[in-house]
Amino acid sequence: MNMKAVVCACVSAVLLISAVAISAESKNAGDTVVLIADRAFDGTGRTLRNVRIQVNDGKIATLSGPASGTVIDLRGYTVLPGWIDAHVHIASHFDGTGHLATSSEPPADATLEMAEGAWQTLMAGFTTIQSVGDPSELPLRDAIRDHNFPGPRLFTSLAPIEGDLSKATPDALRAMVRERKAQGADLVKIFASNSQRVGAKPTLTEEQLKTLCDEAAAVGLRSMVHAYRGQVAAAARAGCREIEHATYATPEELQVAVQAGAYITPQVGLVVQNYIENQQRYIGIDGYTAEGMTVMLRDMPEDFAVCKRLAHLPRARMVFGTDATAGAHGHNAEEFIGRVQHCGQDTMAALVSANSVAAEAIGMGGELGRLAPGYAADIIALDGDPLQDITAVRRVVFVMRGGKIYKWAGSHAERRLTH
């Protein structure tokens, strides 16, 4: 993708999306804003009552501020930290024909679609995402971070380390990591297994995984490993930080990962369901086949089984990640429903997995994922109480990221007047 075209398209996208960002409040994070809430979750599992969240300069100043300045009445809603999705593919989208976009798509079109996916994700309450898999994500990350582009805070791995690396030397593997560091990646994504659609077989040895993950740590990058079966334990023993999917892993292999302190991210509520629903838009493109779709649908109970084991495994650090691809952006909260319904995960634990646990997994535990003084003012509100009705996660009425308001449906009193 031509970088100049990408940047120009990003500018166009700013104009397009900024037009729908609400009110002058969303443009100035320096103003003092006080959010009044009668029910709030702090991101660590605690429920707070009758708080007044004072926001200054993009951060939470106090939870008991005076009701002065710009006051927003969130009483009647459930307030909580903005969610973090630790595994998305924001570059993945459908093109003008309605099918999975490929590299032949005009760069400007691709960038606008990527920006729209980011906007949809933000509107769904996800104020931070970790996107793992495409170099084209870099300009979008920088536009959001450096130029007030409307979207979730974005971390990217750029291109993953994958393919037939059986003969790669340690020096060659280290060079791959250093290359991504030089390109500006926030983390390294490593394929320790090939796709579930083609057998989920090992692609790297444990020694190679250790070389890669050690080098990532040495150059200041986090490591994420796509792993199935015994590769889950191998990645954990190799010191890799975050392990994705984990389908087909035995209880013993999961226990190895837990004991090693790895963050583990299964998926049960969105990714396979989205593939199946949109399979005709994928099949025949970039290796997607009808047979592969059949395998994913057949083995969905295996996904559920691993997630259920993790949800009930003491000290397991289960992170929220959807693996959202084309068709799924903005529907990320379906993973919460899947976690509760298919894994039997406690609802509060599922929510915390997208707050403080996810923040720790992405190395931002001291800045994101909590309602506490000094933390980023990434705050959302739901119409309903998800502890009583998990589908409330679909009803996001308020979104603030870094002190800027991007979505606000109005107080309960105001909404009653307009309905």
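The values are calculated or read from the model by the stated rules, or taken from the named source; none is laboratory data. Small disclaimer: the values here were computed from a predicted structure and weren't measured. Neighbour counts are summed over all protein chains in view; Cβ atoms, including those assigned to glycine, are modelled from backbone coordinates with ideal geometry.
State yes or no: is ALA216 part of a helix (DSSP H, G or I), buried (at least 24 other Cβ atoms within 10 Å of the Cβ), within 21 Å of the chain's Cα centre (by Cα) and without any contact (Cβ under 8 Å) to a residue 40 or more places away in the chain?
Taking the combined requirement at face value, the residue satisfies it.
Taking segment 161-176 only, how many residues are more than 22 Å from SER195 (Cβ to Cβ) and touching a helix residue (DSSP H, G or I) at 6+ places or on another chain (Cβ under 7 Å)? Talk me through it step by step, then tell me what you get.
Let us first name the residues in segment 161-176 that are more than 22 Å from SER195 (Cβ to Cβ), namely 169-172, 174-175.
When the remaining residues are screened for being touching a helix residue (DSSP H, G or I) at 6+ places or on another chain (Cβ under 7 Å), the result is 170, 174.
Adding up the residues that qualify gives 2.
Assuming ALA182 fulfils every condition listed in (1) in contact (Cβ under 8 Å) with a residue 40 or more places away in the chain; (2) more than 28 Å from LEU297 (Cβ to Cβ); (3) in a helix (DSSP H, G or I); (4) not acidic (Asp, Glu) apart from one, which condition is it?
ALA182 satisfies all of (1) in contact (Cβ under 8 Å) with a residue 40 or more places away in the chain; (2) more than 28 Å from LEU297 (Cβ to Cβ); (3) in a helix (DSSP H, G or I); (4) not acidic (Asp, Glu) except (1).
How about segment 320-419: which helices (runs of 4 or more DSSP H) wholly inside it have at least 1 residues that are hydrophobic (A, V, I, L, M, F, W, C), in contact with a Cys (Cβ under 6 Å, 6 or more places away or on another chain) and over 23 Å from ARG49 (Cβ atoms)?
The helices (runs of 4 or more DSSP H) meeting that bar are 334-343.
Against the definition (surrounded by 19 or more Cβ atoms within 10 Å (Cβ to Cβ), among the aromatic types (Phe, Trp, Tyr) and touching a helix residue (DSSP H, G or I) at 6+ places or on another chain (Cβ under 8 Å)), how does TYR263 come out, yes or no?
yes
Please verify whether VAL132 is of a type outside the set (Gly, Ala, Ser) and not assigned by TED's automatic domain parsing to the domain that holds VAL225, treating the condition exactly as stated.
no
If a residue counts only when it is more than 18 Å from the chain's Cα centre (by Cα) and either farther than 23 Å from ILE337 by Cα or modelled with pLDDT under 95 (or both), which helices (runs of 4 or more DSSP H) contained entirely in segment 225-297 have at least 3 such residues?
Qualifying helices (runs of 4 or more DSSP H): 231-237, 251-259, 279-282.
Mind checking which residues of segment 368-398 are acidic (Asp, Glu) and in contact with a helix residue (DSSP H, G or I) (Cβ under 7 Å, 6 or more places away or on another chain)?
ASP383, ASP385
Out of (1) crowded, with 24+ Cβ neighbours inside 10 Å; (2) over 13 Å from the mean Cα position of the chain (by Cα), the odd one out for GLY327 is which?
GLY327 satisfies every listed condition except (1).
Can you find even one residue in segment 356-377 that is at pLDDT 95 or above, among the polar types (S, T, N, Q) and over 18 Å from ALA37 (Cα atoms)? Break it down into steps so the answer makes sense when it comes.
The initial filter retains those residues of segment 356-377 that are at pLDDT 95 or above, namely 356-377.
Applying the additional criterion that residues be among the polar types (S, T, N, Q) yields 356.
Imposing the further condition that a residue be over 18 Å from ALA37 (Cα atoms) reduces the set to 356.
Taking every residue of segment 356-377 in turn, at least one turns out to be at pLDDT 95 or above, among the polar types (S, T, N, Q) and over 18 Å from ALA37 (Cα atoms).
Report every pair of residues separated by at least 6 positions or lying on different chains whose Cβ atoms are under 6 Å apart, first residue within segment 392-403 and on the phi < 0 side of the Ramachandran plot, second assigned to a strand (DSSP E or B) and of a type in the set (Ser, Thr, Tyr).
VAL399/TYR406; ARG401/THR127
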